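For reference, the structure is listed below as structure tokens.
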Amino acid sequence: RSVPASPARRRDCRRRAPTALPSPRASPEMAGFSASSFKSKLEKLSESQQSIQTLSHWVQYHKKSIKESAAIWAKEVLRGKPERRLLYVYLANDIMQNSRRKGNTFIEEFGKQLPTVMPDTFAACPEHTREKLLRLLSIWEERRVVPSNLIAELRASMNAAAARGGGGGGTAAEG
């Protein structure tokens, strides 16, 4: 004859409902957009792919603030030290390439900033960084991330800036 299980034992044997994962909206990383929070996140950005992707997702999550985020991004790139500028351009690259499925809004807004940012960045950076910027232009062209006329405009303005600013050598025609 079996003995009925005690109430405590019955509770332990019940299936527990799986715990729900926290909603991205509830996480502090996805807290509301503000200029100061974006600037702070840019300052903390590291060269790791995870860091770039995390901030890229945060920017994409705050789609309503895209114009403001693109303007802040451009301002911070131009204020940044030459060794950090490539990192900021990599962030824009990740945002533009990974947002294409959701439409062209991010490409358009960040694309508007590129003619201001890229020539100055190219002129300010050493040769090894210039080569990486040129490679990025080639990738954007191959993958049709930005319009080909913008690529041509960027190459021409980067060459002109490099000629004026001197520095590292290589031209934007290479690549």
Ranked by accessible surface with a 1.4 Å probe, highest first, in what order do SER40, SER148, SER56 come?
-> SER148, SER40, SER56
Nearest-10 value in Å² for the accessible area of HIS62, using the 1.4 Å probe | 20
Shape call for region 40-89, from the Cα gyration tensor axes a ≥ b ≥ c (a/c under 1.5 means rounded, otherwise prolate when a/b beats b/c, else oblate), comes out oblate
Highest mean first, what order results for 32-38, 154-160 on Cβ atoms within 10 Å?
-> 154-160, 32-38
Can you check what the net charge comes to around ARG79, using other residues whose Cβ is under 12 Å from the Cβ of ARG79 (Lys, Arg +1; Asp, Glu -1)?
-> +2
Please report Rg over Rh for region 59-175, where both radii come from the alpha carbon positions and Rh follows the Kirkwood definition.
-> 0.95
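The values are calculated or read from the model by the stated rules, or taken from the named source; none is laboratory data. Because the structure is a prediction, the values reported are computed rather than measured. Note: ideal-geometry Cβ built from the backbone for every residue, glycine included; neighbour counts use all protein chains shown. Ligands, DNA and RNA are stripped out before the accessible areas are found, and what is left, the full protein with its side chains, is counted by its heavy atoms. Shrake-Rupley method; radii C 1.70, N 1.55, O 1.52, S 1.80 Å.
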